[in-house]
Every structure is written in structure tokens, then in C-alpha cells.
Amino acid sequence: MSTTPAVRTGGRTPFKVVTSTLAPLMMENVDTDQIIPARFLKIIDSEGLGEHLFEDLRRASDGSMRDDFFLNRAEYRSASILLAGRNFGCGSSREHAPWALVGAGFRVVISTSFADIFRGNAMKNGLLPVALDAASWTSLAALVGTDAHVTVDLERQEARWPGGSARFEIDTFARTCMLAGTDELGYILEREADISAYEMRQAAEEHS
Amino acid sequence: MAPVTPRTLFDKIWDAHVVRNEPGAPTLLYIDLHLIHEVTSPQAFAGLRRRGLRLRRPERTVATVDHSIPTSVGPIQDPLAAKQVSTLEANVRDFGISMYGQQSPQRGIVHVIGPELGLTQPGKTIVCGDSHTSTHGAFGALAFGIGTSEVEHVLATQCLLQHKARSCEVRIEGRLERGVGAKDVILALLAQIGVGGGTGYVLEYTGQVVRAFSMEERMTVCNMSIEGGARAGLVAPDDTTFEYLAGRDFAPRNFDAAVQRWKTLPSDDGAAYDARITLDVTGLAPMITFGTNPGMGVPITGTIPDPAQQSDRSGQEALRKALQYMGLNPGEAVAGRPIDVVFIGSCTNSRISDLREAARILRGRKVNPRVRTLVVPGSQAIKRQAEAEGLDRVFTDAGAEWRESGCSMCIAMNGDEVAAGQYAVSTSNRNFEGRQGKGSRTFLASPLTAAASAVTGRLTDVRTMV
């Protein structure tokens with residue numbers, strides 16, 4: 001029996017299994033300024049960011065689309081799994097980064113490691129960060145540009161591809177939330193009594 | 001008596017803020033202070049409205065505007081920035097939050113005013129929708145950046161679900177040379193550990209160099225902990241901390257009792273860290289970055305590294321790409337490279353001591369006429385202090401621009417930016433591609449190095465000028 005506490009359902013699309021070809025971004029340390037440059041953060045909602053995903057990598061200095069960048073190539077247009085180098089999402093805490101990735105149709109980012117804040121932000125928006133071992137990552141890199149489909153199964157914590165598979169680790173609680181399509185706030189709100197008790201203890205200590 | 005397990009500073013703050021530990025879930029952690037700004041909060045307030053929620057403890061959230069506001073006087077011209085600011089104004093009014101708005105004499109960069117107002121205190125948990133929240137760790141507070149979903153969680157519940165990070169002691173030993181300071185120390189550490197080297201850790205800075213640092217120097221170091229991927233940076237509170245806080249607006253009313261509590265926070269003798277790093281700064285030269293992440297730094301006396309010398313292929317490619325973006329060649333000397341812009345400011349280096357350092361170099365000198373030099377104080381209070389000391393005149397007499405406070409050219413979403421292809425020496429924290437404007441090329445450095453380079457128009461070893 002699972003020891004994970006019950007979480008309220010609703011709110012988001014549950015994440016179960018995603019099967020797709022791979023879109024390649026074969027760079028390490030992709031920072032959130034690359035994912036979505038700061039000049040696009042002057043918004044008060046989370047709409048429309050997908051159009052500007054990787055804006056400065058996507059365009060040449062004269063503003064034209066670079067045809068060697070994956071997002072501008074027809075063969076990667078339907079991919080919902082991004083394969084990227086290590087330490088993906090480093091830099092700022094902007095949740096606009098996963099909003100932009102999700103807005104552009106991505107459901108999964110596969111790397112060998114992720115920056116902390118990005119990983120948390122991604123899972124809160126139905127975007128699954130999958131950290132694989134280096135050998136598995138290299139196997140997947142060999143599939144880029146082919147029509148091979150990769151399956152990411154959150155229930156089984158497993159990535160499968162023609163000729164291989166690998167298990168990935170993920171925070172149990174965040175996994176439960178993603179599978180149920182819920183967020184953490186409902187869970188925290190239900191701990192009201194604990195929070196009140198804590199606040200009373202803290203006030204007593206500060207005045208002792 | 002049962003033996004007490006020695007604890008680190010991080011353990012003590014963590015333990016004191018655990019609301020609940022439940023199997024299968026992260027720890028529910030209480031947040032003492034929540035700082036918000038115009039860019040990462042609007043969607044969180046929209047979320048509260050959708051769910052019909054109020055703030056649990058409105059007095060524990062403090063708002064200001066810094067990221068998208070211009071550093072010029074007068075109304076905001078950019079309609080998108082104006083809309084963000086008016087949205088925050090409406091949100092703080094509707095939800096009953098204190099705000100240091102555009103007209104407030106106490107407004108400034110969120111990580112500058114928290115300490116300045118005395119809101120930042122030892123032992124507190126502090127969060128903000130901004131990764132440089134690590135700055136506040138200089139006071140022995142557990143402070144970290146969060147996303148907008150978590151901003152909503154804190155507004156609604158004053159709590160976050162968190163896994164406890166591992167701890168790493170970063171011992172900084174040795175003796176700093178004249179002209180070499182806190183910024184050089186953190187850039188040297190980042191060059192050593194890389195931009196992912198601190199991932200999963202809270203870094204506690206210890207050692208004689210850190211003890212001798214002022215609060216402002218400690219803030220510079222903690223500020224850039226996130227550039228190593230660390231969850232937070234920490235410095236144990238001591239008399240330097242207490243003296244800084246005494247008399248500030250929001251310092252505890254019973255200050256002596258607070259100091260007695262704070263004195264119990266430093267790590268116990270024999271406390272276990274998950275990892276340890278030592279950095280000896282004896283003989284360290286002023287540091288400067290040459291690439292497109294803050295870990296790509298070298299001494300100003302050094303040369304541009306050669307991708308062919310990198311041990312792994314992805315490292316080679318990353319370096320090649322960085323040098324191509326920066327327009328630099330392997331083996332070239334760093335010092336002497338011509339520059340176009342100097343930016344002195346940001347939550348890393350915009351405090352009064354940073355401005356005094358820059359003024360020390362610029363007093364009686366002129367900036368190179370080719371170089372646009374922008375000096376942006378971290379807060380309106382720092383601006384007034386600098387003006388009272390005559391620093392503004394030093395800057396303007398030298399030919400630099402003296403501006404209103406804000407994030408300015410560090411984030412380039414407020415009108416201050418570096419043009420495509422231009423080289424900037426910047427006292428800020430990030431040299432990512434396009435960070436200071438599309439196509440901008442950034443050299444991160446200390447205020448001293450930035451001021452010296454402004455004068456010569458080239459990357460300069462400031463030790464020749466101090």
C-alpha cells in the first residue's frame with residue numbers, strides 16, 4: 001500500500017504516459033534566460049509564452065528564423081519530449097520557463113540533471129523533468145533525427161525506446177500530484193490545524 | 001543526560017520551522033518573511049482569486065517594485081511594465097499587504113531593502129519569487145528563491161512543501177590582497193565548482209575571510225550561491241550581523257533578547273556537513289568572467305581557456321559556443337580587451353560600500369569617452385546616502401550616469417540594456433547569452449574592476465590603480 005498521503009484531484013491534466021519522437025537541444029547548462037528571455041516576462045498572466053520559447057536561440061541576429069534550430073524544423077514540430085544536456089533550467093526562478101515549454105507543446109524534458117528551482121516549477125505545471133543516467137541519455141541522443149518513439153511512463157517511472165529502457169527517480173509526492181492532475185496547495189490548505197499550532201508555538205517562543 | 005547531536009546552522013533553522021513531517025510527503029516548512037515584486041507575483045494573486053483565498057498572514061509579506069521599472073525619474077513609459085506595477089498596486093491594496101511602491105523613499109531592489117529595513121534577520125525563513133533571495137543568507141537566515149506557484153502557496157498558507165537540502169561547508173581561508181574582494185571570492189568559487197556544483201546543497205560559508213567580511217560583502221557572496229546551483233547560502237550571525245541590524249526600522253523591539261536567541265544559531269562544534277570545500281584566497285587576483293555562465297571565470301591576469309584542453313566533449317562544445325558568442329579566441333589575454341559599457345549596480349553590488357569602492361577609483365578621473373558607464377544604487381536610501389557623501393558628483397564628474405534605484409541593466413527588462421554585440425563589464429550576477437539585452441556580451445566583475453575598466457576603456461587589473 002502506498003504511504004503517500006491523499007491529494008485532492010482536479011485542476012490540471014493528469015500525467016500518465018507520453019509517447020513522442022525527440023526534439024534535440026544538445027547543450028548543457030541551458031539557463032532560464034535562454035528558455036524565455038526576460039523581456040517577455042512583462043506579463044500578468046502565463047499566456048502566449050510558447051511563441052517565444054528559446055527566442056534568441058531560434059533567431060539569427062537579423063531576426064530571421066535559423067533553419068538549423070530544432071524548433072524551426074518540420075521533423076521536430078510534433079515532438080513533445082525535449083532532450084537536453086545536463087543542468088537544464090539553471091539561473092532564475094521564473095516559472096515562465098515551464099509555462100513557455102508547456103505553451104509550445106512539451107510535456108517532458110529529458111536530461112542527466114536539472115536545476116532545483118526549475119525542476120520544482122516544471123512539475124507544478126505538468127511538465128515532467130526526467131533525469132537519466134549518462135549511458136541512457138547517450139542511447140537516446142543516437143535516436144535524434146530518426147522517427148523512433150520514446151515513451152515516458154510516470155506510473156512506472158520508466159523511459160522506453162526501441163532497444164532500451166531506463167528507470168528514473170522522481171519525488172514521490174510530486175509524482176502523485178502529477179498522476180492525479182492536482183497541485184500542492186490543496187494538500188497544504190488541509191494542514192490548517194498544524195499551521196495554526198505551529199504559529200502559536202512560535203509566538204510563545206518569541207515572547208518567552 | 002542524553003547526548004545532543006551537534007547541529008549545523010542550517011539544521012537549527014530547518015528544525016525550528018518544521019510544521020509537519022508526514023511519510024511520503026515533503027516537510028511542511030513555515031515561512032517567516034515573504035518578499036514579492038511585480039514580475040513573479042501577478043499570476044499567484046490571480047490563483048488566489050480563482051480559488052477565493054485570502055492571505056493567511058498579510059503582515060509577513062512585503063512588496064516592492066524593482067525588475068521592470070525604469071531607473072529614470074517620471075512615469076513609466078512602457079505600457080507592459082506600467083501594467084505590471086499597477087497590477088501589483090491593486091493586489092497589495094485588495095489583499096492588505098505593505099508596499100514600498102514607486103514613490104516610496106524606501107523602495108529599492110527587493111534583496112537590498114529587506115536587509116536595509118531590518119526585515120531580514122538571523123534564524124528566519126525567507127522566500128521570494130526571485131533566485132537571488134539567497135542574498136539574505138548573509139544574516140544566517142534560510143533564504144531561497146521560489147516559483148510563482150510557490151508564491152501563491154506562501155500567500156495562502158505561509159508554508160511551503162520542501163525537501164531538506166544537503167549541507168556543504170565552504171571554508172574560505174587565507175588573506176585577500178588589496179583590490180581583491182568578496183565578488184572576486186565568489187567568482188573564484190564558481191570557477192572552481194561550476195554552475196551545477198552546488199545543486200542540492202545549502203552552502204555555509206565559514207573561515208577567517210568570511211568572519212572579517214562586512215555584512216555587505218557577505219551579501220555579495222551569498223547572493224551568487226544560486227549561480228553554483230545551490231539552494232541557499234548561509235553565514236553564521238555574529239557581532240557584525242547584530243551591529244548591522246541594531247536600530248533598523250524592523251529590528252526586534254526587544255533587541256537584546258533577540259541577540260541572545262541569535263547567538264545560539266551558529267553551527268555546533270563537531271556538526272556534520274554532507275560535503276566540505278576549502279578555498280584559499282591568498283594570492284587571488286581580481287576575477288572576471290569571459291564566457292556565458294558565471295562559472296566561466298578567470299583571474300584578470302589570465303588568458304581565455306582553450307576548448308581543446310577541456311576534459312569532456314560536452315564541456316568542449318559548451319566552451320566553444322560561449323567563445324563564439326563572446327567573440328573571443330582561446331589563448332588571448334583577458335586584460336586589455338576593449339569594452340563599450342560599464343554597469344555598476346544589481347542586488348549583487350549596488351550597496352553603499354560598492355558605490356564607495358567605485359568612487360575610490362573614479363574620483364578625479366574620467367571614464368573613457370567610448371564607454372557608457374551607468375551607476376545604479378540598490379535603493380532610494382542608498383541613493384540618498386551616496387548623495388550625502390558626494391559620490392553622485394564623483395560619478396557624474398567622471399562622466400558616468402547616476403540613476404534611480406532598480407534592477408536596471410542586470411535583467412534588461414526596464415529600458416536599461418546593452419546593445420547587441422557590445423561588451424559590458426557588469427557588477428551583476430549573470431552573463432548568460434542575452435541577459436543584459438539581446439546579443440549583449442557580459443564580463444562579470446567587482447565594482448573596483450568595473451570602475452577601473454570604465455576609466456581605461458579596457459578590461460583592467462584594478463591593482464594598478466589602488
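Summing +1 for each Lys or Arg and -1 for each Asp or Glu among the other residues whose beta-carbon sits under 14 angstrom from that of residue B:277 gives -2.
A viscosity of 0.890 mPa s and a temperature of 25 °C, combined with the Kirkwood radius over Cα pairs in Stokes-Einstein, give a translational diffusion coefficient for the stretch B:111-181 of 174 µm²/s. The simple spin-label model puts a point 7 Å past each Cα toward its Cβ; for residue A:206 and residue B:214 those points are separated by 3.0 nm. Mean sequence separation of contacting Cα pairs (under 8 Å, at least six apart), scaled by the length of chain B, corresponds to a relative contact order of 17 percent. Viscosity 1.306 mPa s, temperature 10 °C: what is the translational diffusion coefficient of the stretch A:1-157 from Stokes-Einstein with a Kirkwood Rh over Cα pairs, rounded to a whole number of µm²/s? In µm²/s, the coefficient rounds to 98. Could you compute Rg(Cα) / (2.2 N^0.38 Å) for the stretch B:1-124, with N its residue count? In units of the 2.2 N^0.38 Å rule of thumb, it is 1.33. May I ask for log10 I(q)/I(0) of the stretch B:16-88 at q = 0.11, 0.12, 0.15 Å⁻¹, from a Debye sum over the Cα atoms as equal point scatterers with solvent left out? For the requested q values the scattering log ratios are -0.43, -0.49, -0.69.
Per-residue 3J(HN,Hα) values for the stretch B:210-220, derived from phi via the Karplus relation 6.51 cos²θ - 1.76 cosθ + 1.60 with θ = phi - 60°, read 5, 4, 7, 5, 6, 4, 5, 5, 4, 5, 4 Hz in sequence order (x marks Gly and Pro). Here each label is just a point 7 Å from Cα along the line to Cβ, and for residue B:313 and residue B:370 those points are 4.1 nm apart. For the stretch B:326-360, the residues whose amide N sits under 16 Å from a probe point set 7 Å from the Cα of residue B:306 along the beta carbon direction are B:329-334. First obtain the Kirkwood hydrodynamic radius of the protein assembly as shown from its Cα pairs, then insert it into the Stokes-Einstein equation at 25 °C and 0.890 mPa s, and state the resulting D in µm² per second as a whole number. Approximately 97 µm²/s, per Stokes-Einstein. Considering only alpha-carbon pairs that sit under 8 angstrom and 6 or more positions apart, the relative contact order computed for the stretch B:179-274 is 29 percent. Pairs from the table (B:383/B:438; A:124/B:12; A:16/A:42; B:124/B:164) lying more than 23 angstrom apart at Cα are B:383/B:438; A:124/B:12; A:16/A:42.
Taking the Cβ-Cβ separation of residue B:393 and residue B:333 as r and a Förster radius of 45 Å, what is the calculated FRET efficiency to the nearest 0.05? Each step should come with its number before you reach the end.
Values: r = 35 Å, r/R0 = 0.78.
With a Förster radius of 45 Å, E is 0.80.
Considering every alpha-carbon pair of the stretch B:174-260, the percent of pairs per 10 Å bin, from zero through the bin containing the longest distance, is 16, 41, 29, 13, 1.
For the stretch A:56-111, the relative contact order comes to 34 percent (Cα pairs under 8 Å, sequence separation of at least 6). The equivalent ellipsoid that matches the C-alpha gyration tensor of chain B spans semi-axes of 33, 27, 22 angstrom, in descending order.
Taking amide H as placed 1.01 Å from N in the peptide plane, residue B:280 has its amide H under 5 Å from the amide H of B:173, each at least 5 places away in sequence or on another chain.
Within the shell defined by Cβ-Cβ distances under 10 Å, the residues around residue A:112 carry a net charge of -1, with Lys and Arg each +1 and Asp and Glu each -1. Close amide-amide hydrogen proximity is noted between residue B:146 and B:128, B:129, B:130, each under 5 Å apart and 5 or more residues distant or on a separate chain (H modeled in the peptide plane; Pro and chain starts excluded). For the stretch A:23-38, putting each phi into the Karplus relation 6.51 cos²θ - 1.76 cosθ + 1.60 with θ = phi - 60° gives couplings of 9, x, 10, 7, 10, 9, 6, 5, 8, 5, 5, 6, 5, 8, x, 4 Hz, in residue order, rounded to whole numbers and with x for Gly and Pro. Derived scalar couplings between HN and Hα for the stretch B:198-203 equal x, 4, x, 10, 9, 8 Hz in order, rounded to whole Hz, by the Karplus curve 6.51 cos²θ - 1.76 cosθ + 1.60 (θ = phi - 60°), x for Gly and Pro. A cut-off of 5 Å between modelled amide H atoms, ignoring neighbours fewer than 5 places along the same chain, links residue B:442 with B:424.
Tell me, in nm to one decimal, what length is gained between residue B:280 and residue B:320 on full extension, where the rule is 0.36 nm per residue of separation less the Cα-Cα distance?
Values: separation 40, 0.36 × 40 = 14.40 nm, distance 2.94 nm.
So the extension gain works out to 11.5 nm.
Calculated on the alpha-carbon coordinates, the convex hull of the stretch B:137-281 measures out at 139 cubic angstrom per residue. Considering only B:343, A:174, B:185, and ranking their Cα positions along the charge dipole of the protein assembly as shown that arises from unit charges at the beta-carbon of Lys, Arg, Asp and Glu, the one farthest toward the positive end is B:343.
Every read-out reported here was derived from the displayed coordinates using simple, explicitly stated rules and does not represent laboratory data. Please read all numbers here as calculations on a predicted model, not as lab measurements. So basically every Cβ, Gly included, is an ideal-geometry build from the backbone, and we count neighbours across all protein chains shown.
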